[in-house]
Amino acid sequence: MTEPLLSVRDLCVDYITTRGPVRALDGVSLEIGRGEVLGVAGESGSGKSTLAQSILRILPAPAVITGGEIRLEGRDLLAMSESELRTVRWSRIAMVFQSAMDALHPILTVGEQMRDTIEVHTSLSPAQVTERVGELLRMVGLSPEHAGAHPHQLSGGMRQRVGIAIALALQPALLILDEPTTALDVIVEREILEQIRTLQRQLGFAVMFITHDLERMLQFSDRVAVFYAARLVEDGPASAMAAHARHPYTRGLLAATPSLHGAAHECQAIAGAPPSLSAPPAGCRFHPRCPLVMDRCRVERPVVKRDADGHAVACFAAE
Amino acid sequence: MSGVTTGRMAGLAAWKAVVRRDPRAAAGAFLLLAFALVAIFGPMLVGDPQAMVGVPLQPPSWQHWLGTTGQGQDVLAQLVVGTRVSLSLGFLVGVAVVAIGALVGVAAGYFGGRIDAALSLLFNVFLVLPGLPLAIVIAAYLPSGPRTVALVLIVTGWAWNARVVRAQASSLRQRDFVAAAVVSGESDARIITQEILPMLSSLLLAQVIGSTTYAIGAQVGLEFLGLGDVAAVSWGTNLYWAQNDSALLTGAWWTFAPTGVCIALVGTALSLLNSGFDEMSNPRLSVEHPWRAFLAARGQVPARSTPVVKSHD
């Protein structure tokens, strides 16, 4: 296998609180290949967004990265200085935020904000920048005239498109989408995701797509990683996951989601609630809710084991 | 460290927590408390500051700890009585200026439209008036005394606070939580007092501190120029008489140095306190405390990017 675009190894992130550190990511390892679309799924608080933000080193206080490494094209992001990080952020890794519609400056026009991004990182002439702005807006399904609009004049979907256009302005190798469509209706959501997928095929960037909509993710991604209570529980090709998810939690998630395609099935909720990260259960963190729980699960932490097809799972029952 | 420090704590408990953690705020609180005690109880412990108690211009001695003035009065007695006058006037003006500024500023920012236009015009006019020169002119015309000084400082001092509060209030007015309060049927008065003012509390406290510092300095300045009541005892008149008696020429440093030091100390104490206020009204800052301590213990300081501390590799 060639060198992956991004490789995360044993990443640990702690939130330092008055009651001591709370581990928000616990020994997470995963890889994203060039041009690959990786979906990251999990419940709120499972560590999805923490992972995305730690890759860019933009986690706010009181977060501390306490272990592991994050390599982009072989370079360790955790060892980089502020100025080195600045050259990576946006030009190599760009991000569309959870509420990209609010990430736009309210009193600057869309075009001015796009120009800013381009001018900071490149040495294009003003005319070339204008042209690039128009090109980017067309790319995301808007027209160059929208450059003169203020954010409040655009709809939520249009603003999200602008967010994506700004993210793609510098042709990043990796685009992180942190629940990019949660505030949009399903039709706009679908349009935008299709647009991203088309652009991704054209331009060849890799995507890390974070959502809790598993069904959507399985359609959209090449590979899917599932998080539970700060740990990676399963990671494999989307098709294999859809057909044969191995971790009981993933299966539970799939069973709880109505499928728009394939045979109808009764939706089944996973009993219980995710554990508190300040006092997580011993052993496998899913064991209190797991239908396949064994004695071993209560005491021993299952390690992530990867088979020949690149399907990895952290579960004793799946071995 | 124990208990919940997120969210807003009751006033005194919050103060205790801040003072315990922040040595600057603790130093400021201690200093200010000392001055407050002197202002409240000091005048009972010293004699009449106006009485002629000894030979004029004696240096500090066991009999007169801070020496005597050019009129043979006890410098310590004058300093202590002056502390009461100057501090109370300073805080009165500081609070009044901020209260007026907050009232006018919030009204302008919250209601907008014509009310905003009228009030903005008003404080913009006051803003372009040069503060201290105007204060000198007004003080020269009105009967001299602490009341005049306070009035003059309030009239010339409130506009800047109003201007700042208006900007903040009109920005808060646009926030979703204010819109939600409007939708849920809260009255304007309730929205202003429950939604907007708490968000301004750190700003207003900072303004009280800044305005009080300014008021003490300006009051001393006016009185030093002889625009106060020179027969009264305050920090400003102490300096006025020291100057009048050519203290610098005769080398009688004890007639002005103690007052000067006190003015500087009060200013310092107020500035130190400011950092504590900031933390009290901003829950985010206090949440960061354990995080900062964690990093400091590992030789790191918070930077723009998420810190990396590989402690268990």
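The values are calculated or read from the model by the stated rules, or taken from the named source; none is laboratory data. Everything quoted here is computed from the prediction, not taken from an experiment. Note: ideal-geometry Cβ built from the backbone for every residue, glycine included; neighbour counts use all protein chains shown.
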Query raised in the report: Looking only at residues in region B:85-101 that are surrounded by 24 or more Cβ atoms within 10 Å (Cβ to Cβ) and small (Gly, Ala, Ser), which one is farthest from B:Val149 (Cα to Cα)?
Result: B:Gly101
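Being under 17 Å from the mean Cα position of the chain (by Cα), under 16 Å from B:Lys310 (Cβ atoms) and buried (at least 17 other Cβ atoms within 10 Å of the Cβ) is the requirement here; does A:Arg23 meet it? Show your work before the answer.
On the way: under 17 Å from the mean Cα position of the chain (by Cα): no; under 16 Å from B:Lys310 (Cβ atoms): yes; buried (at least 17 other Cβ atoms within 10 Å of the Cβ): yes.
Taking the combined requirement at face value, the residue does not satisfy it.
Of the residues in region A:7-38, how many are polar (S, T, N, Q) and either out of contact with any Lys or Arg (no Cβ under 8 Å at 6 or more places or on another chain) or at the interface with chain B (Cβ under 9 Å from one of its Cβ atoms) (or both)?
Within region A:7-38, the subset polar (S, T, N, Q) is A:7, A:17-18, A:29.
After this cut, where a residue has to be either out of contact with any Lys or Arg (no Cβ under 8 Å at 6 or more places or on another chain) or at the interface with chain B (Cβ under 9 Å from one of its Cβ atoms) (or both) as well, the list is A:17-18.
Total satisfying the criteria: 2.
For region A:280-316, enumerate the residues that are of a type in the set (Gly, Ala, Ser) and modelled with pLDDT of 85 or more.
Let us first name the residues in region A:280-316 that are of a type in the set (Gly, Ala, Ser), namely A:282-283, A:308, A:310, A:312, A:314.
Those that are of a type in the set (Gly, Ala, Ser) and modelled with pLDDT of 85 or more: A:Ala282, A:Gly283, A:Ala312, A:Ala314.
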Query raised in the report: Taking region B:146-162, which residues are within 17 Å of B:Leu127 (Cα to Cα) and either under 16 Å from the mean Cα position of the chain (by Cα) or surrounded by fewer than 24 Cβ atoms within 10 Å (Cβ to Cβ) (or both)?
Result: B:Leu151, B:Leu153, B:Ile154, B:Val155, B:Thr156, B:Gly157, B:Trp158, B:Ala159, B:Trp160, B:Asn161
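I'm trying to understand the selection: among the residues of region A:119-140, which are within 15 Å of A:Gly163 (Cβ to Cβ) and under 25 Å from the mean Cα position of the chain (by Cα)?
Answer for region A:119-140, where residues must be within 15 Å of A:Gly163 (Cβ to Cβ) and under 25 Å from the mean Cα position of the chain (by Cα): A:Leu136, A:Leu137, A:Met139, A:Val140.
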Query raised in the report: Within region A:169-182, is even one residue part of a helix (DSSP H, G or I), buried (at least 22 other Cβ atoms within 10 Å of the Cβ) and of a type outside the set (Lys, Arg)?
Result: no
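Just wondering, is there one or more residues in region B:74-92 that are in contact with a strand residue (DSSP E or B) (Cβ under 8 Å, 6 or more places away or on another chain), touching a residue at least 24 places away in the same chain (Cβ under 8 Å), assigned to a helix (DSSP H, G or I) and farther than 28 Å from B:Leu172 by Cα?
Filtering region B:74-92 down to residues in contact with a strand residue (DSSP E or B) (Cβ under 8 Å, 6 or more places away or on another chain) leaves B:74-75.
Now drop any that are not touching a residue at least 24 places away in the same chain (Cβ under 8 Å), which leaves B:74-75.
If we keep only those that are assigned to a helix (DSSP H, G or I) as well, we get B:75.
Okay, now just the ones that are also farther than 28 Å from B:Leu172 by Cα, so B:75.
Yes, there is a match, as at least one residue in region B:74-92 is in contact with a strand residue (DSSP E or B) (Cβ under 8 Å, 6 or more places away or on another chain), touching a residue at least 24 places away in the same chain (Cβ under 8 Å), assigned to a helix (DSSP H, G or I) and farther than 28 Å from B:Leu172 by Cα.
Could you name every one of the helices (runs of 4 or more DSSP H) located completely within region B:197-313 that has at least 3 residues being free of Cβ contacts under 8 Å to residues at least 60 places away in the same chain, away from chain A (no Cβ under 14 Å) and aliphatic (A, V, I, L, M)? Outline the logic, then answer.
Values: elements: B:197-224, B:235-244, B:247-250, B:257-281, B:283-297.
Counting at least 3 such residues, we get B:257-281.
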Query - Residue identified as touching a residue at least 40 places away in the same chain (Cβ under 8 Å) and assigned to a helix (DSSP H, G or I) among B:Val182, B:Val137, B:Val164 - result: B:Val164
**Report entry** Lone qualifier among A:Ala63, A:Ala41, A:Ala79 - being in contact (Cβ under 8 Å) with a residue 12 or more places away in the chain and within 13 Å of another protein chain (Cβ to nearest Cβ)
**Finding:** A:Ala63
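Looking at the structure I just gave you, is A:Ser278 polar (S, T, N, Q), surrounded by fewer than 18 Cβ atoms within 10 Å (Cβ to Cβ) and within 28 Å of A:Val13 (Cα to Cα)? Step through it out loud before you land on a result.
On the way: polar (S, T, N, Q): yes; surrounded by fewer than 18 Cβ atoms within 10 Å (Cβ to Cβ): yes; within 28 Å of A:Val13 (Cα to Cα): yes.
The answer is yes for A:Ser278.
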Query raised in the report: Would it be correct to say that B:Val178 is closer than 28 Å to B:Tyr110 by Cβ, of a type outside the set (Ser, Thr, Tyr) and either crowded, with 18+ Cβ neighbours inside 10 Å or touching a strand residue (DSSP E or B) at 6+ places or on another chain (Cβ under 7 Å) (or both)?
Result: yes
